[in-house]
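Here is the structure we will look at.
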Amino acid sequence: MTQEDLKIINDAIRDIPDFPKPGIVFKDITTLLNDGHAFSVLMEHLAARYKDYGLDFIAGIDARGFIFGAALAQMLGTGFVPIRKKGKLPYTTISEKYSLEYGFDEVEIHIDAFRDVKGAKVLLIDDLIATGGTANAAASLINKTGAVCVEACFILALNFLEGKKVLEKQTKVYSVIGID
Ligand code: AMP
């Protein structure tokens, strides 16, 4: 991607200091989504990167991963699979717990999410990786179904946290923008 395109994407993401709590800088991607040109520059970049991966499915993490994941799946002609917070999926699921600062959370996937595609090649996508807890659990879920998480893709990676390093133990990791 050109430096110019990278700047278009970067400039479209808004920083919200102290949200949802003091000390956190929330990376707000709604200002990227409502900028038709920036959104298109991003999606064209992702489509070009992944067109030759031979992907069968894109799996998006609840909820912002759905937006980028569904758009990319449509561009590549693959299926889309939602990985949701516990209790949202209606059919039989498998689930994976992960630790938060206090307590734990849980994500789920339908047992038949990847249809009957043996060893389906899956790209995992979310807007941002911080500690990596969510993405790690999501990648484990994909692999537990018998599919293969070939790469995890993020628009933003908070490189000062260990998330990317941890996730790299189970899959390849790509981020469009790294924040040091
Ligand atoms: P983690 O499991 O710590 O990697 O957190 C990743 C999830 O939390 C992603 O779904 C992000 O959308 C969200 N998240 C964490 N930190 C931020 C942040 N600073 N700005 C925006 N979203 C965040």
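The values are calculated or read from the model by the stated rules, or taken from the named source; none is laboratory data. The structure presented is a predicted model; accordingly, all values stated were derived computationally and were not measured. Cβ placement follows ideal geometry from the backbone for every residue including glycine, while neighbour counts extend to all protein chains displayed.
Pairs are defined by a Cβ separation below 8 Å, a sequence spacing of at least 6 or placement on different chains, a first member in the range 29-50 that is more than 14 Å from Met1 (Cα to Cα) and among the acidic types (Asp, Glu), and a second member that is part of a helix (DSSP H, G or I) and at pLDDT 95 or above; the pairs so defined are Asp35/Ala12. The residues of the range 90-112 that are outside any strand (DSSP E or B) and farther than 21 Å from Asp56 by Cα, listed by number, are Pro90, Tyr91, Thr92, Leu100, Glu101, Tyr102, Gly103. Restricting Leu128, Leu32, Leu55 to those that are within 13 Å of the chain's Cα centre (by Cα) and surrounded by 18 or more Cβ atoms within 10 Å (Cβ to Cβ) reduces the list to Leu128. A count restricted to the range 6-22 and to residues that are in a loop (DSSP other than H, G, I, E, B) and more than 10 Å from the ligand (Cβ to nearest atom) stands at 3.
Set side by side, the residues Gly65, Gly69, Gly77 differ, and just one is farther than 18 Å from Glu108 by Cα and either within 16 Å of the ligand (Cβ to nearest atom) or surrounded by fewer than 16 Cβ atoms within 10 Å (Cβ to Cβ) (or both), which is Gly77.
Within the range 143-178, if we keep just the residues that are free of Cβ contacts under 8 Å to residues at least 40 places away in the same chain and over 26 Å from His110 (Cα atoms), the residue that is surrounded by the most Cβ atoms within 10 Å (Cβ to Cβ) turns out to be Ala157.
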